[in-house]
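The values are calculated or read from the model by the stated rules, or taken from the named source; none is laboratory data. Just so it is clear, the structure is predicted and the values come from calculations on it, not from any experiment. As a convention, Cβ positions derive from the backbone with ideal geometry for all residues, glycine included, and neighbour counts pool all protein chains shown.
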């Protein structure tokens, strides 16, 4: 990456600090202020990778732009045109122009699948409810709250978190929606089984605060991005210009 940036001058900056890429292992998220700049960054990265015997996967490389208009410039890797998308997966999380919503829906689907696979446990009357709840928290809810530190908490997000919690409790307790048992009653039964506990929404809030504290205590790129100012005005539907590549 250092070689590919040698003659590259990025126009994206936060608090005066130029940011051209974010990377972890072989995952790279390139940022550029316009299509030509992004095309140049991809080309230089492709050449630098080839010099070290590596190859960028065009199938796994996507482009996301903050423009209301579709990308007009064809950006290629190994003569293959890169696909322009509204969302993509990066480090097992969904990066989208819609904010946290697609990521939460993705987590919800994965959590529901895990909940269904464990149906024999929920239906087993020989397993204590307290044990089932511990299994639920470790094997199911842990999937849902993965990487929740980056979620934007608003009224809709909180509603989805509470709805996922209630779905899990109903499945665990064998309570159908047709039984007309309110959420407060289910929470009471859970507390009777394991005593006072931290609900998923509180877990998300605690993790966000913990991550904020961890980030602000150290000087680094994460702190710059979280607390820094970006030049320009804010659009109604803000997006980021990025490119995700994998060797």
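Residue 50: outside the structural domain of residue 175 (by TED's automatic domain parsing) and loosely packed, with under 13 Cβ neighbours inside 10 Å, yes or no?
The answer is yes for residue 50.
This table checks each residue for (1) in contact with a strand residue (DSSP E or B) (Cβ under 6 Å, 6 or more places away or on another chain); (2) in contact (Cβ under 8 Å) with a residue 24 or more places away in the chain.
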residue: 4; (1), (2): no, yes
residue: 15; (1), (2): no, yes
residue: 24; (1), (2): no, yes
residue: 43; (1), (2): no, no
residue: 50; (1), (2): no, no
residue: 54; (1), (2): no, yes
residue: 57; (1), (2): yes, yes
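Considering only the stretch 140-183, state which residues are part of a helix (DSSP H, G or I) and surrounded by fewer than 15 Cβ atoms within 10 Å (Cβ to Cβ).
Result: 142, 150, 155, 156, 158, 159, 162, 163, 177, 178, 179, 183.
Here are the criteria: (1) free of Cβ contacts under 8 Å to residues at least 24 places away in the same chain; (2) in a helix (DSSP H, G or I). Tell me which single one residue 126 does not satisfy.
Of everything listed in (1) free of Cβ contacts under 8 Å to residues at least 24 places away in the same chain; (2) in a helix (DSSP H, G or I), residue 126 misses just condition (2).
Run down 59, 43, 6 and say which single residue is at pLDDT 85 or above and either closer than 21 Å to residue 221 by Cα or not in a loop (DSSP other than H, G, I, E, B) (or both).
Testing whether each residue is at pLDDT 85 or above and either closer than 21 Å to residue 221 by Cα or not in a loop (DSSP other than H, G, I, E, B) (or both) leaves just 43.
Is it true that some residue in the stretch 194-203 is in a helix (DSSP H, G or I), surrounded by fewer than 16 Cβ atoms within 10 Å (Cβ to Cβ) and modelled with pLDDT of 90 or more?
There is at least one residue in the stretch 194-203 that is in a helix (DSSP H, G or I), surrounded by fewer than 16 Cβ atoms within 10 Å (Cβ to Cβ) and modelled with pLDDT of 90 or more.
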